[in-house]
Amino acid sequence: MQDECIVCKEPLIYLEQDELMECEFCHTKKMSKTRCKNGHYICDACHTKGLDVILSICMEENSKNPIDIIRKMMNAPFCHMHGPEHHVMVGAALLTAYKNAGGDIDLYKSLVEMMNRGKAVPGGACGYWGACGAGISSGMFISIVTGCTPLKKESWGMANQMTSRALNAIGHVNGPRCCKRDSYLSILAAIDFVKENMGIEMDTSEITCIHSHMNNQCIQERCPFWKG
């Protein structure tokens, strides 16, 4: 077993109902369904500390390939094997590649908006909401680049279609969750969606998993990125 708890390295436990827990780092008390075997709870705010690194990575990036961009984020110290940071990273990588491929956006403002929205999606949404945060992040990306609001017409539909396409790809693989796999699937779905609907062609590349040794729940041969 590889470590999961960032305090004691023990595996995480996902409960069916919320319990009042105190964060080991900031001591904030919140209702949560997630703790480790030893009872340690880390709130999403503490789990995602260091997200400012995303801004520096993306603002200095020239690549049109969101897979390459998100892998740089995944290699940064702030990123864990699993966690709500991926709910920001997917959209941030897509925004950056979209801009570099010719998309007309203010990248800095878009990234700040992506961070604010992505951080609002809690860890464990994939299992408890029935909507993986990585897939939702791809919908946020479309919402941001199209200037969508709840009262828009075409962009409202596009943002929801994007989320639907990403979640469909994630759901067909089945669980348990893998934040890296689900991030890749969401990005690949978004690359195709943007090309079809917006005429912007982002680059892509073959994906070979380099994270399986850190994932206690790796599905191996069932994963499209598993190479043994």
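Nothing in this text is a laboratory measurement; each read-out follows from the coordinates by a stated rule. If you're wondering where the values come from, they're calculated on a predicted model, not measured in any experiment. Cβ sites come from the backbone with ideal geometry, for glycine too, and all protein chains shown count toward neighbours.
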Phi-based couplings in Hz for the range 95-102 (Karplus 6.51, -1.76, 1.60; Gly and Pro marked x)
4, 5, 5, 4, 4, 5, 8, x
Can you tell me the 0 to 90 degree angle between the C-alpha axis of helix 154-173 and the longest principal axis of the chain, rounded to 10?
50
Counting Lys +1, Arg +1, Asp -1, Glu -1, what net charge surrounds residue 23 among other residues with beta carbon under 15 Å of its beta carbon?
0
Ranked on Cβ counts within 10 Å of their own Cβ, fewest leading, 59, 21 go 59, 21
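Tell me which trypsin sites (Lys or Arg not before Pro) from the range 87-117 have a DSSP coil assignment and no more than 12 other beta carbons within 10 Å of their own.
Working: sites: 99, 109, 117; in loops: none.
Passing both the DSSP loop test and the Cβ count: no residue.
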Filter the GluC sites (Glu not before Pro) in the range 40-135 to those in DSSP coil with at most 11 other Cβ atoms within 10 Å of their Cβ, and list the result.
60
If amide H atoms are modeled at 1.01 Å from N in the peptide plane, then the residues at a separation of 5 or more from residue 35, or on another chain, having amide H under 5 Å from its own are 13, 15
If one compares the long axis through the Cα atoms of helix 107-118 with the longest principal axis of the Cα atoms of the chain, the angle in degrees, nearest 10, works out at 40
For the range 119-228, run through the chymotrypsin sites (Phe, Trp or Tyr not before Pro) and keep only the ones in DSSP coil with at most 15 other Cβ atoms within 10 Å of their Cβ.
129, 226
Reachable aspartates and glutamates from residue 30, Cα under 17 Å, same-chain residues fewer than 8 places away excluded?
16, 18, 19, 22, 44
Distances over 26 Å make up what percent of all Cα-Cα pairs in the range 50-222?
19
Name the most mobile residue of 186, 63, 137, meaning the one with the largest mean-square fluctuation, in a Gaussian network model of the chain with Cα contacts below 10 Å.
63
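Calculate, in nm to one decimal, what residue 129 and residue 75 gain on full extension: separation in residues at 0.36 nm each, minus their alpha carbon distance.
Working: separation 54, 0.36 × 54 = 19.44 nm, distance 2.78 nm.
Result: 16.7 nm gained on full extension.
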